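One structure below.
The values are calculated or read from the model by the stated rules, or taken from the named source; none is laboratory data. Since the structure is predicted, the reported quantities are computational estimates derived from the model, not experimental observations. Ideal geometry is used to build each Cβ from the backbone, glycine not excepted, and the neighbour counts take in all protein chains shown.
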């Protein structure tokens, strides 16, 4: 990050550079002209092997972007592929300004922008493993993973199942309460208030009701009748 302008009015600028390593040369001779293969080998044989070798680098600017937020900060991801520029919240309690998060490629190409972020204090990438397991380590892990991680996995599975079941139970309760409070109970109260009116419209006539169907059940024990019961089907 660089500053452009005088004093407190200076703008913060993010610059991206591509660094290229130049061909090394011996300090006693200076940079050599580009020669063919045979000429280059001939020139190297004439030089002092103990002379210091100088390695130079060339900086090429690939992109430039102004920092739009106050107190700008930036962070690279672990592998150097992405750069994030963001504005950090000030230390005071009265700093209510909304910040932004801007993600760039390694060459400074804008990839994504998130605007109006409140109380932005810091930004960090999700941790990544430093390396991957070798074949031998992976084989040992596959052999002992039940013993080492079985208990932890079962505990996490039970915890997750309880969360899912609790959510399903809560959703069912919401549906049930909505049905009872908004449909069934209001209709039931309305019916009970006008119960006499409904009984006058549809009186119960006991003489015209069909008799209850009865069946006889015989209980036997080793071929001998023990008891007889009358069952009423409702």
note = All conditions in (1) farther than 30 Å from residue 17 by Cβ; (2) at pLDDT below 90; (3) surrounded by 11 or more Cβ atoms within 10 Å (Cβ to Cβ) are true of residue 184 except (2)
task = Return yes when residue 63 is surrounded by 10 or more Cβ atoms within 10 Å (Cβ to Cβ), over 22 Å from residue 18 (Cβ atoms) and out of contact with any helix residue (DSSP H, G or I) (no Cβ under 6 Å at 6 or more places or on another chain) and no when it is not.
result = no
ask   = Listed residues 80, 74, 90, 108; which is modelled with pLDDT of 85 or more, part of a loop (DSSP other than H, G, I, E, B) and surrounded by 10 or more Cβ atoms within 10 Å (Cβ to Cβ)?
value = 108
note = Screening 137, 160 for residues that are surrounded by fewer than 11 Cβ atoms within 10 Å (Cβ to Cβ), out of contact with any strand residue (DSSP E or B) (no Cβ under 8 Å at 6 or more places or on another chain) and at pLDDT 90 or above leaves only 160
inquiry  = Can you confirm whether residue 115 is modelled with pLDDT under 90, touching a strand residue (DSSP E or B) at 6+ places or on another chain (Cβ under 9 Å) and surrounded by 10 or more Cβ atoms within 10 Å (Cβ to Cβ)?
reply    = yes
ask   = How about the stretch 111-145: which of its residues are over 22 Å from the mean Cα position of the chain (by Cα) and outside any loop (DSSP other than H, G, I, E, B)?
value = 135, 136, 137, 138, 139, 140, 141, 142, 143, 144, 145
